[in-house]
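Okay, so here's the structure we're looking at.
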Amino acid sequence: MAERLLAHALAAEEEPLKSIPVVSAGVAAYRGEVASPHGVTALKKVGLSLDDHQSQPVTEELIRSALLVLCMTESHRALLAYHFDPLPAPVYLMREFMDSSAEIPDPYGMDLAAYEACRDSMVEAIPSIVAFLRDLMARKNG
């Protein structure tokens, strides 16, 4: 869900933000699995599709090529730090740029309401992520 929400927001921005690739990978994901039905439904309710989504595990190559890495929870961040020491890309929680609770509980295996709450927490975080990326790209290109 995070990948589609952030990609959708960046598509509405000007360059260079519009061209930043957004890639989803999981700390406990297997390659090639489809999105959960509740995740599909939660995004469909806001006009986005996960129909073509295929899961993939986080790899060192993905992290090395990343401008930054966004996690939902501190445990996700800790797992990345454990497996990829040192981390080649900065790692943040999605809500870390906001003045609110930093973690977004992982809804895996839960009901539709949990997926919708997760989606809504991500949606709230997107403007602060876009602002961070805007500043980061300005510093990088300026």
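The values are calculated or read from the model by the stated rules, or taken from the named source; none is laboratory data. These numbers were taken from a predicted model, which means no experiment stands behind them. Glycine also receives a Cβ, built like all others from the backbone with ideal geometry; neighbour counts cover every protein chain displayed.
Annotations
- Condition met for residue 26 (in contact with a strand residue (DSSP E or B) (Cβ under 7 Å, 6 or more places away or on another chain), small (Gly, Ala, Ser), closer than 29 Å to residue 112 by Cα and without any contact (Cβ under 8 Å) to a residue 40 or more places away in the chain): yes
- Exactly one residue out of 74, 13, 3 is under 23 Å from residue 96 (Cα atoms), among the acidic types (Asp, Glu) and at pLDDT below 95, and it is 74.
- The single condition among (1) at pLDDT 95 or above; (2) within 27 Å of residue 134 (Cβ to Cβ); (3) assigned to a helix (DSSP H, G or I) that residue 63 does not satisfy is (1).
- Which listed residue is under 25 Å from residue 30 (Cα atoms) and surrounded by fewer than 12 Cβ atoms within 10 Å (Cβ to Cβ), from 85, 106, 99: 85
- Among the conditions (1) over 21 Å from residue 49 (Cα atoms); (2) over 14 Å from the mean Cα position of the chain (by Cα); (3) not aromatic (Phe, Trp, Tyr), the only one that residue 116 does not satisfy is (1).
- Candidates 96, 33, filtered to the one that is within 19 Å of residue 122 (Cα to Cα), of a type outside the set (Val, Ile, Thr) and in a loop (DSSP other than H, G, I, E, B): 96
- Selection count where residues are over 11 Å from residue 1 (Cβ atoms) and not hydrophobic (A, V, I, L, M, F, W, C), scope the range 20-40: 7
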